[in-house]
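The values are calculated or read from the model by the stated rules, or taken from the named source; none is laboratory data. All figures in this text were calculated on a predicted structure; none of them were measured in a lab. Here Cβ is always computed from backbone atoms with ideal geometry, including for glycine, and neighbour counts include all displayed protein chains. For accessibility, only protein heavy atoms count, side chains too; no ligands or nucleic acids. Shrake-Rupley method; radii C 1.70, N 1.55, O 1.52, S 1.80 Å.
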Amino acid sequence: MREPKTLLLCSCDKTQSFDAEALKAAAGAEQVIPVDQLCGQDMAVAAEHLSGKSEVLIACGQQAALFERLREDVEAEIQHAAPLHTIDIRDRAGWSSPNANPDRLRAKQAALLAAAQLPSPMAPVKSIHSNGVCCIVGPTEQAIRMAELVQDELGVTCVVSDAGVIQLPSAGYDLARGQLTSARGALGNFTLEFAQLQTLNPAGRGELGYGAVKATAQSECDIFIDLRGGEPAFPSHQKRNGYFWADPNKSGELERIAVTARDRVGEFEKTVYFHLETSLCAHSRANQTGCTRCLDVCPTEAIFSAGDSIQIDSDICAGCGSCAAVCPTSAVTMNETPFEAITKAAEVMAKVYREQIHESPRLVFHTLGAGGDAIAHLARYGNGLADDLIPLGLEHVDRIGHAELLAALGAGYAEVLILADNDTDREAVGAEVELTRAMVAGAHHSPTRVRIISADELGAEGDNAGRVSEAVLLVGGRRDITRVTVAAMADKVDAPIPLPVGAPYGAIDIDSDKCTLCLACVSLCPTGALTDHPDRPEVQFTENACVQCGVCESTCPETAITLKPQLDLSKDALSARTLHGEEPFECISCGKPFGVASTINRIVEKLENQHWMYTKTDNVQLIKMCDDCRVKAQFHGDNAPMAGGERPRVRTSDDYLDS
């Protein structure tokens, strides 16, 4: 049974307008209360409803923390407070250009409220324990200064990289000298390797000195502070929990790091962002490398090869989702932002918007951090978002791949944009955007319907503004929705749509002159796209199942296979078709079919009168026999090489008595 809900709407001192009844319906609320200043003179209204039993939904994102504190005060006073949720419809919809269409703004407000009612996916968590063992690496002066800042909370070892002067030994931290050669791990589980390591000898009078040199040494720690000033020890180092890298060009860096590092002691909850189904992974088969898409895009190097599949280190994974965005088999999916949740949110917002104004909106994916701040800044100090542009915020836009972009187009959006916070984001989603644009162009639509934009383009009207796009039924996985959407966009596609190299859709070409039908490609195909015929030597291919992993290409001993990235929208792609086949060779002795005719003939051609064993002999006939007949011929023929002598007569008792 659904709990009763009260919707509190604030005009923010009469700077935005709304359709209260439409928003009430979108939120599924029993009652709606509009006010002008909920965080000021009308705060008593919020307190009154928080004192009740029905859920309270406040349409204000800016003052969410204030209303949460108000709820805590109410609960402390009456030992009870209503459940509270907040949502922003002002910065993302209500505040826009003075020339904005008010009907579009109200439709967008309703769309945002409706999407907010969807259940949020729950991601599992794991525990990480840190004892506060800290290793500081860098020049002597900076390393000792940092050690003195954190020594009261952390167990510190400094490994200095120069011959700096040490004034006095300290019992608060250990000191050594050496060169860092490698680092791996994350908070609670770092492993550092050093070369030419010398530990400090604190005993004796006079100048301090170091002990004997160790050629190599290894150290484990929970927290790693890197003050070397060069390249960070890890890619995307900002996402490596427990690792702190100091920018030598910034003042106050040591103090900033010390404040955060001191808190990295105890037990922490780490979100497990992903789910990995290794049985679906097309990474490798029989030591033949196939798909490496997730390995190529992971910014933190949390993914590594583990035989036939990949593995992901959950301690290192920062949850950007780039692996799930490019995985062609859905072996990697995200727990926090699954494809289904993104698709459903986009679908609901487009549906509600169209119901309100009978137009198609545009969608922009953005980060909740910098992207959300850019939208809020534009709303307060500029003209705000374009009136038909609906924002959908995620932790990382790396999570958006071609399937998410096409699902949005399939939901009925006239245009789908990605707001890139920086060049790194732009590069991360660039290949997926280009793949999507190729499909859209192949369906005879403008590729500008999918674009990467910067913050200064948020308020601009796009090329497809006002377009009316019909929605399609978004059912199935990533590949299903991709195919359905592109097919719906294309009135008629006479030929497969060519795609960029590396696309996870396509066919394969087999050079029949080279192929010997050994079927190695069939036995190793990880998705079942390649199959054989049960009664004759033949390679069959189902294009819809092919992810262009390349295992067949790298496996083929005759280099007869070539990948062909494309998207075939015809029904032929859904069923198996013959790529190459031949009649089987029939045994010259018993007539049983075996092997491939061309292969047997080729072997005979290469050996007959070309090798001493097959010159002036009937041995060449053995090649033309099946297994059973070949064995019989080798043992029982007149000139059989394995034939024994005449079997002696069996002796009986009479033979012994007569002798």
**Message:** Can you give me the Rg/Rh ratio for the range 1-75, using Cα atoms for both radii and the Kirkwood formula for Rh?
**Reply:** 0.95
**Request:** Could you run the Karplus curve 6.51 cos²θ - 1.76 cosθ + 1.60 with θ = phi - 60° over the range 310-326 and give me ³J(HN,Hα) per residue in whole Hz, x for Gly and Pro?
**Result:** 9, 10, 10, 7, 5, 5, 8, 3, 9, x, 5, x, 5, 5, 5, 5, 10
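So with the 1.4 Å probe, I'd like the accessible area per residue for the range 388-439, rounded to whole Å².
25 Å²
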**Item:** Net lengthening on full extension, Glu583/Ser279 (0.36 nm per residue, minus Cα-Cα)
**Value:** 106.0 nm
**Message:** Could you tell me the extents of the range 509-570's C-alpha atoms along the three principal axes, largest first, rounded to whole Å?
**Reply:** 30, 25, 20
**Fill in**
Dividing the helical contributions, -39500 (n - 2.57) per DSSP H run of n ≥ 4, by the residues of the chain yields a 222 nm value, nearest 500 deg cm²/dmol, of -8500 deg cm²/dmol
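Considering the convex hull of the alpha carbon atoms of the range 365-516, report its projected area averaged over all viewing directions, in nm², one decimal.
11.2 nm²
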**Request:** Using the heavy atoms of the protein chains and a 1.4 angstrom probe, tell me the accessible area per residue for the range 524-659 in square angstrom.
**Result:** 64 Å²
**Request:** Answer with one residue from Ala64, Val416, Val156: the one whose Cα lies farthest towards the positive end of the charge dipole of the chain, charges on Cβ with Lys, Arg +1 and Asp, Glu -1.
**Result:** Val416
**Whole-Hz ³J(HN,Hα) from phi, Karplus 6.51 cos²θ - 1.76 cosθ + 1.60, for the range 368-378, glycine and proline x** = 5, x, 4, x, x, 5, 5, 5, 5, 5, 5
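Can you sort Met122, Met489, Met146 by solvent-accessible area, 1.4 Å probe, largest first?
Sorted by accessible area, descending: Met122, Met489, Met146.
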**Asked** Hey, how many Å between the Cα centroid of the range 566-598 and the Cα centroid of the range 297-355?
**Response** 38 Å
**Asked** Ranked from highest to lowest mean number of other Cβ atoms within 10 Å per residue, what is the order of the peptides 443-451, 321-329?
**Response** 321-329, 443-451
**Message:** Between Thr289 and Leu208, how high is the FRET efficiency from 1/(1 + (r/R0)^6) when r is the Cβ-Cβ distance and R₀ = 51 Å? Nearest 0.05.
**Reply:** 0.45
**Request:** Could you work out how far the C-alpha centroid of the range 129-189 sits from that of the range 1-65, in angstrom?
**Result:** 53 Å
**Message:** Using a Debye calculation, one point per C-alpha and no hydration shell, please list log10 I(q)/I(0) for the range 30-189 at q = 0.12, 0.19 Å⁻¹ in order.
**Reply:** -0.74, -1.19
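Want the number for Arg69 to Gln196: 0.36 nm per residue separation, take away the alpha-carbon distance, what's left? Don't skip to the answer; put the middle values down first.
Working: separation 127, 0.36 × 127 = 45.72 nm, distance 5.55 nm.
Once the chain is fully extended between Arg69 and Gln196, it gains 40.2 nm.
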**Message:** Quick check: convex hull of the Cα atoms in the chain, volume per residue, rounded to a whole Å³?
**Reply:** 320 Å³
**Prompt:** Roughly what would the spin-label model give for Arg256 and Ser236, points 7 Å off Cα along C-beta, in nm?
**Reply:** 2.1 nm
**Request:** Find the eigenvalues of the gyration tensor of the Cα atoms of the range 253-298, then list the square roots of 5 times those eigenvalues as equivalent ellipsoid semi-axes, largest first, in whole angstrom.
**Result:** 39, 15, 8
**Fill in**
Helix 102-116 sits off the longest principal axis of the Cα atoms of the chain, rounded to the nearest 10 on a 0 to 90 degree scale, by 60 degrees
**Prompt:** Assuming R0 = 35 Å, what is the FRET efficiency of Lys126 and Thr531, from their Cβ-Cβ distance, to the nearest 0.05?
**Reply:** 0.30
**Item:** Antiparallel DSSP beta bridges within the chain, percent to nearest 5
**Value:** 50 percent
**Complete:** Diffing the range 526-531: the Karplus 3J(HN,Hα) column from phi (6.51, -1.76, 1.60, θ = phi - 60°), in whole Hz with x for Gly and Pro, holds x, 10, x, 5, 9, 9
**Complete:** Computed over the chain: longest principal axis from alpha-carbon atoms vs helix 478-489 long axis, angle to nearest 10 degrees, is 80 degrees
**Request:** Quick one: give the max-minus-min coordinate of the C-alpha atoms of the range 130-271 along each principal axis, largest first, in Å.
**Result:** 50, 31, 29
**Net charge dipole size for the chain [Lys, Arg +1 and Asp, Glu -1 on Cβ; Debye, nearest 20]** = 480 debye
**Message:** What aspartates and glutamates does Lys250 reach when the alpha-carbon gap must be under 18 Å and sequence neighbours fewer than 8 apart in one chain are set aside?
**Reply:** Glu141, Asp226, Glu231
**Complete:** If each K or R counts +1 and each D or E counts -1, the residues other than Asp308 whose Cβ falls under 14 Å of its Cβ total 0
**Message:** Output the 0 to 90 degree angle, nearest 10, between the alpha-carbon long axis of helix 423-442 and the longest principal axis computed from the alpha carbons of the chain.
**Reply:** 60 degrees
**Request:** Please list, in chain and number order, the residues 5+ apart from Ile453 or on another chain whose amide H is under 5 Å from its amide H, with Hs placed from the backbone.
**Result:** Ile418, Leu419, Ala420
**Prompt:** Once you put a point 7 Å from the Cα of Ser575 and another 7 Å from the Cα of Glu21, both along the Cβ direction, what distance in nm separates them?
**Reply:** 5.4 nm
**Complete:** For Ile310, other-chain or 5+-apart residues with amide H closer than 5 Å (H placed, Pro excluded) are His283
**Prompt:** If packing is taken as the mean number of other Cβ atoms within 10 Å per residue, what is the order of 535-545, 245-255, 133-143, highest first?
**Reply:** 133-143, 535-545, 245-255
**Request:** Using +1 at the Cβ of each Lys and Arg and -1 at the Cβ of each Asp and Glu in the range 76-161, identify which of Ser97, Pro124, Ile87 lies farthest towards the dipole's positive end.
**Result:** Ser97
**Prompt:** When the accessible area of the chain is split by element with a 1.4 Å probe, what percent falls to carbon and sulfur?
**Reply:** 48 percent
**Message:** Along the charge dipole of the chain, pointing to its positive end and built from +1/-1 on Cβ of Lys, Arg, Asp and Glu, which listed residue (Pro584, Ala76, Leu8) has its Cα farthest out?
**Reply:** Pro584
**Request:** Using 0.36 nm per residue of separation minus the Cα-Cα distance, give me the extension gain between Ser446 and Glu3 in nm, one decimal.
**Result:** 154.9 nm
**Prompt:** With charges only on Cβ, +1 for K and R and -1 for D and E, what is the dipole size of the range 113-188 about its Cα centre, in debye, rounded to 20?
**Reply:** 340 debye
**Alpha carbon centroid spacing (whole Å) that separates the range 104-119 from the range 409-456** = 23 Å
**Message:** If you count only protein heavy atoms with a 1.4 Å probe, what accessible area per residue comes out for the range 246-309, rounded to a whole Å²?
**Reply:** 54 Å²
**Complete:** the range 94-216: antiparallel bridges as % of DSSP beta bridges, rounded to 5, reads 50 percent
